[in-house]
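A.B. asks: Supplied in structure tokens, the structure appears directly below.
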Amino acid sequence: MFFYRIAGALILSFSGFGAAFMINSRLSRTLRQTEGLIALLRFIRSQVECFALPAARIIAVCDDELLRSCGFEGGEPPSDFCALFESFSISDAEVAHLMRGFSASFGRCYREEQIKECDYYIDLLRDRRERLAETIPSKKKVNSTLCVSSAIALIILLF
């Protein structure tokens, strides 16, 4: 009987550490995804500035690795920005809102206005990335503490 208690305690402790790891990796993935979206907007800006390409052509010449870093999981990317950004699995609500705003208004104005729009959204995403980078370490500590403490409390209560 004692063996089952030890096995249960080990399972609970591993589940506490596993939950902390999964929650913390999701926070890190959010930060990496925001960095990927900044890189994508820089790429879009450079394509508009240098070549004045339309949205469908920009997406067609975009690197697959860049799209994957933004959260794209499909095979063939769509031909417009609205569908592309909707296909991303963006985990941060504010970043998703910014990208919906960008995709809704991009391509409806002249080249210079599109470049300014790209710069505007790049600055907004950089600000969001800085805020995430500041808050994520403390959130990771809190998540780790809560998950491990909960597992230990369950172990104590069940023993």
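The values are calculated or read from the model by the stated rules, or taken from the named source; none is laboratory data. Everything quoted here is computed from the prediction, not taken from an experiment. Ideal geometry is used to build each Cβ from the backbone, glycine not excepted, and the neighbour counts take in all protein chains shown. Ligands, DNA and RNA are excluded from the accessible area calculation, which covers all protein heavy atoms including side chains. Shrake-Rupley method; radii C 1.70, N 1.55, O 1.52, S 1.80 Å.
A.B. asks: At 27 angstrom or more along the helix axis (alpha-carbon based) and mean Kyte-Doolittle of -1.0 or higher, what helices does the chain contain? Whole DSSP H runs only.
C.D. replies: Taking the DSSP H segments of the chain (at least 27 Å long, mean hydropathy at least -1.0), we get 2-51, 111-158.
A.B. asks: Once ligands and nucleic acids are excluded and a 1.4 Å probe is used, how much of GLU130 is accessible, expressed in Å² to the nearest 10?
C.D. replies: Its accessible surface works out to 100 Å², give or take rounding.
A.B. asks: Using only the Cα atoms of the chain, each taken as one equal point scatterer with no solvent, compute I(q) by the Debye sum, divide by I(0), and report log10 of the ratio at q = 0.08, 0.10, 0.12, 0.14 Å⁻¹.
C.D. replies: Results for the chain at q = 0.08, 0.10, 0.12, 0.14 Å⁻¹ read -0.35, -0.49, -0.62, -0.74.
A.B. asks: Describe numerically, in nm with one decimal, the distance between label points set 7 Å from Cα along Cα→Cβ at GLU49 and at GLU130.
C.D. replies: Those two pseudo-labels are separated by 2.0 nm.
A.B. asks: A follow-up question, please. Only sites in a loop by DSSP and with at most 10 other Cβ atoms within 10 Å count here; which trypsin sites (Lys or Arg not before Pro) in the range 64-159 make the cut?
C.D. replies: ARG108
A.B. asks: Can you give me the distance in nm between label points at ARG42 and PHE21, each placed 7 Å from the Cα along the Cα-to-Cβ direction?
C.D. replies: The modelled label-to-label distance comes out at 3.2 nm.
A.B. asks: Probe radius 1.4 Å, ligands and nucleic acids ignored: give me the carbon and sulfur share of the accessible area of the range 63-159 as a rounded percent.
C.D. replies: Carbon and sulfur together cover 55 percent of it.
A.B. asks: Specify which residue in the list SER69, ALA55, VAL142 is farthest towards the positive end of the charge dipole of the chain, using unit charges on the beta carbon of Lys, Arg (+1) and Asp, Glu (-1), about the Cα centre.
C.D. replies: Highest projection toward the positive end goes to VAL142.
A.B. asks: Fully extended, how many nm does the chain gain between VAL148 and ARG57 (0.36 nm per residue separation, minus their Cα-Cα distance)?
C.D. replies: So the chain would gain 27.8 nm between VAL148 and ARG57.
A.B. asks: Could you provide, to the nearest whole Å², the per residue accessible area of the range 74-159 with probe 1.4 Å?
C.D. replies: Heavy-atom SASA per residue in the range 74-159 reads 62 Å².
A.B. asks: Quick one: putting +1 on the C-beta of Lys and Arg, -1 on the C-beta of Asp and Glu, what dipole do you get for the chain around its Cα centre, in Debye to the nearest 20?
C.D. replies: About 700 debye.
A.B. asks: Let me ask something else. With all protein chains present, calculate the accessible area of VAL142 using a 1.4 Å probe and round the result to the nearest 10 Å².
C.D. replies: Near enough 80 Å² of accessible area.
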